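The values are calculated or read from the model by the stated rules, or taken from the named source; none is laboratory data. This one's a predicted model, so the numbers in the text were calculated from it and none came from an experiment. Glycine also receives a Cβ, built like all others from the backbone with ideal geometry; neighbour counts cover every protein chain displayed.
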């Protein structure tokens, strides 16, 4: 039965929602001696989306990316990338992909110009196009003035920018971007986020491996959370946040003390999970789908004669989602992995 | 992009990298000068006086081959440097097949060793003289194959061991054996006198093939053997080249992957 299912999955490029899967993993597993770095990963990534692969360091994100890009071989299972099996047709897979590595891989000698120019040549860009793109991207990542400096003399952030530049020049069909803004300053981060979005708009599917949950939330159409080599959950950031029961919080400060009837009516809302009275006229409401419910709450208080002095809403972050599914903060999870 | 172009880009990269190793190039040249000026000159005094000059030429030719060998091995060390800096994984992620990658690196390694040894060969030819340019041309063609083969061998061993320390020790031991059990420093007849087992190893040693060919190409071999053309040496080098370049490709296509390097 199992080989049959694998056969069907391998040949199925269109999923139920009629969205084209550009990547589909089938029980993808990688073991390093006793350590299972990636454990039976089953995942489908759609053409043209930014997919955030989240998790603490050591969760298995980079190993998964390296398998999908044919740099390392799976111990078990396989994946279909752009219609090609990573085990059977690795050369075809590599024609479609590009990687921005977590640690910059800059040939360790040479200059940013040499590194990027050679990379563009290998990726098959014509001389004219190559020179144009290398110059453009070096300017975009603020590295033009340093293009003739030896890479080993560059700072960590500069090296990272050159690493990111490689994929921006290449514009692959499928781009694996591993921790793109690590060691980069805030202004640089925003620039790189915009460039990632632009890359997607130009037709690339992007797999963003990161432990920066804010970054993933900001950029990703969908995210998958990995922990200890397993995919715990995978959906849109909004759905994942909404999946935390009572994860949204509304703090309401009323001009006068609320009465029992209003409280009863408030608690009767399907989305409201809990109401905590902090002070007689201060309420903290735990609920879901905050953006839909807040107008109803406002109406309720006004209708019952309780004017609102202030109202503050907060949604759960992906950090909260991570805590919800693992029982650990991302820092705790990282420590747990390190002590394994 | 055509496969040949990709292969040439891999070669180009290795050559560019090599030209940055100015310190190593200078040190190698000093090593050669010391071997010839001290060891070669002094050791040739131990030979009967009428053969002293011939032995000196013989030794100079042998040192050239030793240098060509060690320069071709150097690509293996590069792989460990790259693994340490993560560049190896980058190379494996490029739209280049493993075959093109390994073949390109073998050729790149071979060419760089010729660039390194080129000036030294010129000095050697100045010392030894040149009897027959055609012979030298044939010998050079075979030595190119020898250099590619040694680079291929070095890459194969590096990929199989995946440990910089082990590779270093292994290549040290291999160097001791492969150089000493060859005719780089002494003629085969003396190896034969010392031990038949040594002679058997020496006879089928790629360094012996390369040394004999270079000496034949420069004309020194006429003092030692009457062979019109050392066919056995040429065939030996061709087999060596094919083994480590093409059969080797199959091995590392299966074993090559990122990660696990020490």
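Observations on the structure shown:
- Being in contact (Cβ under 8 Å) with a residue 40 or more places away in the chain, more than 14 Å from residue A:140 (Cβ to Cβ) and in contact with a helix residue (DSSP H, G or I) (Cβ under 6 Å, 6 or more places away or on another chain) holds for only one residue in A:206, A:177, A:169, and it is A:206.
- Single condition residue B:177 does not satisfy, out of (1) modelled with pLDDT of 85 or more; (2) surrounded by 14 or more Cβ atoms within 10 Å (Cβ to Cβ): (2)
- Test for residue A:196: is it within 17 Å of the chain's Cα centre (by Cα), modelled with pLDDT of 90 or more and not in a helix (DSSP H, G or I): no
- Close pairs (8 angstrom Cβ cut-off, 6 or more residues apart or separate chains): within 11 Å of another protein chain (Cβ to nearest Cβ) in segment B:10-37, outside any helix (DSSP H, G or I) and modelled with pLDDT of 80 or more anywhere: B:10/B:96; B:16/A:110; B:17/A:110; B:20/A:110
- Test for residue B:172: is it surrounded by 16 or more Cβ atoms within 10 Å (Cβ to Cβ) and in a helix (DSSP H, G or I): no
- Qualifying residue in segment A:2-22 (condition: assigned to a strand (DSSP E or B), modelled with pLDDT of 90 or more and touching a helix residue (DSSP H, G or I) at 6+ places or on another chain (Cβ under 8 Å)): no
- Candidate set: segment A:54-67, residues that are more than 10 Å from chain B (Cβ to nearest Cβ) and out of contact with any helix residue (DSSP H, G or I) (no Cβ under 8 Å at 6 or more places or on another chain); chosen: the one surrounded by the fewest Cβ atoms within 10 Å (Cβ to Cβ): A:60
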